[in-house]
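The values are calculated or read from the model by the stated rules, or taken from the named source; none is laboratory data. Small disclaimer: the values here were computed from a predicted structure and weren't measured. Every residue, glycine among them, receives a Cβ derived from its backbone with ideal geometry; neighbour counts consider all protein chains shown.
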């Protein structure tokens, strides 16, 4: 046989094999469009500057011992590293935070743990994010005069332009998060009069007594005119929203750069994971779009640890979306979280029940087995004898576990160990390098003069 013919035959076969492999690795048609700059907020610099001060100032909490940044810490990628948060009264930061003044808890906070895992703040200034919190209890709603459905109902002030602004005035009204227990400060006392409006009014009196804040509010909102009485909680929300929209914008991950045309931005392994994620693995059925979320609510059988929202017969369940809609069909449904910077924002799950990305991903592919074998050791919570036993009430209740399992509505195909590694590599490619160092977002000082540091 002609050697030249044999050589060309071999070359042809090699080219055909390469073509078939390339076809098998072609990008899925469901890949999203890259995030556009025009879809992000671009707020006024003076509002951002004011929002930065408010975000880090403990003056906004009832007992002046916690700020927004305590639980949404730039040191821990805008979360706190705990399964559920330790609010006012805890000491220290992130996984070093303790659970307060045990055993003398009569007059001190916290008297409970937070109900849910702290949600990251990345990209909330993008126009896609119109439903916030795990249950979506703050969301855009054009049928409501103020434009937003919130826990304040008709008492929500007018004037907010987006959900992030509206969200930013509610932590200050939560007893466990920032307000403190009644009898410990005037904001907590106001909450007994009105859980929202009276607290906001008391907070504005505080801020109005600080001359530097009056100047900052006037610079950001000229209508204030250096008159403290013109400062409002709407200004607070708009400033906090402006700061978060700018400080925590995160759209420069390797995946983002790949979508914008940089073929070398991701490794070959991450690309294989991307094809699985947006293709046969089915991840994008819920985690769709450029930020890997459909902004909808799904029951995926997450084990219930911690206090939850106090639902169910044992008082330690969390019914999720049902608590907002009142619809039993929404029981155990929680909002699909964005996966941007997911490797930086653990623990994972609406209650932080998984302490590794791998375990959280594996849960999705066999939720019933994962639920049945839930490991309490994955919890990341500072110990306190009177709270520890409460953390496991729902987890150890077979009726709760059975009900959560019965509501599961995802059914993904089996994933091989190699494909799992590819998906995990893709998830790592969702990390924006800027999110790994957020020190620049931290001010040197705040107008109240209170310390920025968490003191143990």
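Among the residues of the stretch 237-260, those that are in a helix (DSSP H, G or I) and surrounded by 24 or more Cβ atoms within 10 Å (Cβ to Cβ) comprise 237, 238, 239, 240, 241, 242, 243, 244, 245, 255. Of the residues contained in the stretch 375-393, none is found to be touching a helix residue (DSSP H, G or I) at 6+ places or on another chain (Cβ under 6 Å) and at pLDDT 95 or above. Contact map, the stretch 195-213: first residue free of Cβ contacts under 8 Å to residues at least 40 places away in the same chain, second residue outside any helix (DSSP H, G or I), Cβ cut-off under 6 Å, separation 6 or more or different chains; pairs are 204/231; 208/231. When 229, 165, 177, 223 are checked against the criterion of being under 23 Å from residue 48 (Cβ atoms), assigned to a helix (DSSP H, G or I) and touching a residue at least 12 places away in the same chain (Cβ under 8 Å), a single residue qualifies: 165.
So which residues in the stretch 429-450 are over 14 Å from residue 252 (Cα atoms), in a loop (DSSP other than H, G, I, E, B) and free of Cβ contacts under 8 Å to residues at least 24 places away in the same chain, if there are any at all? The answer is 444, 445, 449. Quick check, is residue 287 at pLDDT 95 or above, surrounded by fewer than 22 Cβ atoms within 10 Å (Cβ to Cβ), in a loop (DSSP other than H, G, I, E, B) and touching a helix residue (DSSP H, G or I) at 6+ places or on another chain (Cβ under 8 Å)? So residue 287 passes the test.
Looking across the stretch 37-47, the residues that are part of a helix (DSSP H, G or I) and either free of Cβ contacts under 8 Å to residues at least 12 places away in the same chain or surrounded by fewer than 21 Cβ atoms within 10 Å (Cβ to Cβ) (or both) come down to 37, 38, 39, 45, 46.
Residue by residue, here is whether (1) under 26 Å from residue 447 (Cα atoms); (2) at pLDDT 95 or above; (3) surrounded by fewer than 23 Cβ atoms within 10 Å (Cβ to Cβ) holds:
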position	(1), (2), (3)
59	yes, yes, yes
82	no, yes, no
95	no, no, yes
101	no, no, yes
105	no, no, yes
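For the stretch 261-283, the candidate set comprises residues that are assigned to a helix (DSSP H, G or I) and under 18 Å from residue 341 (Cβ atoms); within that set, the residue that is nearest to the chain's Cα centre (by Cα) is 283.
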